[in-house]
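A short write-up of the structure that comes next.
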Amino acid sequence: GLAIPDNSATGVTSAIAVPVGLTVSSVSVGCNVTHTYKGDLVVTLTGPDGTSAILHNRTGGGTDNVITTYAIATAPAQSLAVFNGKNTAGTWSLKAQDLAAVDVGTLNSWTITFNGEQSLTPNASIPDNNATGVTSTMTFTQTGTVAAVKVRVGITHTYQGDLQVSLIAPDGTTVILHNQTGG
């Protein structure tokens with residue numbers, strides 16, 4: 001809920017203290033900035049060691065708001081790969097600057113995720129009426145303690161009530177995500 005000062009290089013900065021030290025192999029940043037002219041905005045992520053990457057760099061013209069998730073960031077922004085190999089422990093900050101007059105906005109919220117954004121497109125056929133089903137496996141090389149898990153599944157099927165979808169951890173722990181519900 002930080003008001004972004006109009007036409008000010010100072011901008012506003014919000015910080016998140018990360019207590020756990022991991023080696024960064026990927027970074028994803030969720031950003032929620034409401035603004036009446038996002039072409040005025042520069043949004044920058046800075047790590048504990050001072051390394052920074054511009055996520056949004058005055059693009060979008062007169063459209064409103066910067067509400068998105070940056071997993072890579074592309075030109076005219078900068079790659080989040082600059083954080084690869086760095087340590088997660090310490091204070092990470094997001095700075096929002098409005099570099100032109102008239103329009104105003106607010107840095108509402110932001111999130112940062114390390115070493116956890118991964119996707120897979122298996123295009124695997126699900127056998128009909130078969131308890132074995134089909135398995136899609138994703139491998140993570142990072143080590144550490146799991147703090148949270150989010151799973152997004154995209155399955156095309158003519159009758160979702162036939163489906164059971166489970167997530168199985170490396171240690172065999174199984175969680176049923178969908179259990180034959182719906183039509």
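The values are calculated or read from the model by the stated rules, or taken from the named source; none is laboratory data. The shown structure was predicted, so the numbers you read here are calculated from the model rather than taken from an experiment. As a convention, Cβ positions derive from the backbone with ideal geometry for all residues, glycine included, and neighbour counts pool all protein chains shown. Calculation scope for accessible area: heavy atoms of the full protein, side chains included, ligands and nucleic acids excluded. Shrake-Rupley method; radii C 1.70, N 1.55, O 1.52, S 1.80 Å.
Quick check on ILE176: is it of a type in the set (A, V, I, L, M) and either without any contact (Cβ under 8 Å) to a residue 60 or more places away in the chain or open to solvent by 70 Å² or more (accessible area, probe 1.4 Å) (or both)? It is true that ILE176 is of a type in the set (A, V, I, L, M) and either without any contact (Cβ under 8 Å) to a residue 60 or more places away in the chain or open to solvent by 70 Å² or more (accessible area, probe 1.4 Å) (or both). On the stretch given as region 2-28, residues that are modelled with pLDDT of 90 or more and of a type outside the set (A, V, I, L, M, F, W, C) total 8. I need the full set of residues from region 124-173 which are in contact with a Leu (Cβ under 8 Å, 6 or more places away or on another chain), under 27 Å from VAL24 (Cα atoms) and part of a strand (DSSP E or B), in order please. Result: LEU167, single match. The set of residues in region 131-169 being open to solvent by 100 Å² or more (accessible area, probe 1.4 Å), closer than 30 Å to VAL20 by Cα and modelled with pLDDT of 90 or more consists of ILE168 alone. For region 105-130, a residue qualifies if it is open to solvent by 100 Å² or more (accessible area, probe 1.4 Å) and either in contact with a strand residue (DSSP E or B) (Cβ under 9 Å, 6 or more places away or on another chain) or at pLDDT below 85 (or both), and the qualifying residues are GLU117, SER119, THR121, ASN123. Taking the listed residues VAL42, VAL18, VAL24, VAL33, the one that is in contact (Cβ under 8 Å) with a residue 60 or more places away in the chain and either over 16 Å from THR113 (Cβ atoms) or over 18 Å from the mean Cα position of the chain (by Cα) (or both) is VAL33, with no other qualifying.
Taking region 136-161 as the range and being over 24 Å from the mean Cα position of the chain (by Cα) and in contact (Cβ under 8 Å) with a residue 24 or more places away in the chain as the test, the residues that pass are HIS157, TYR159.
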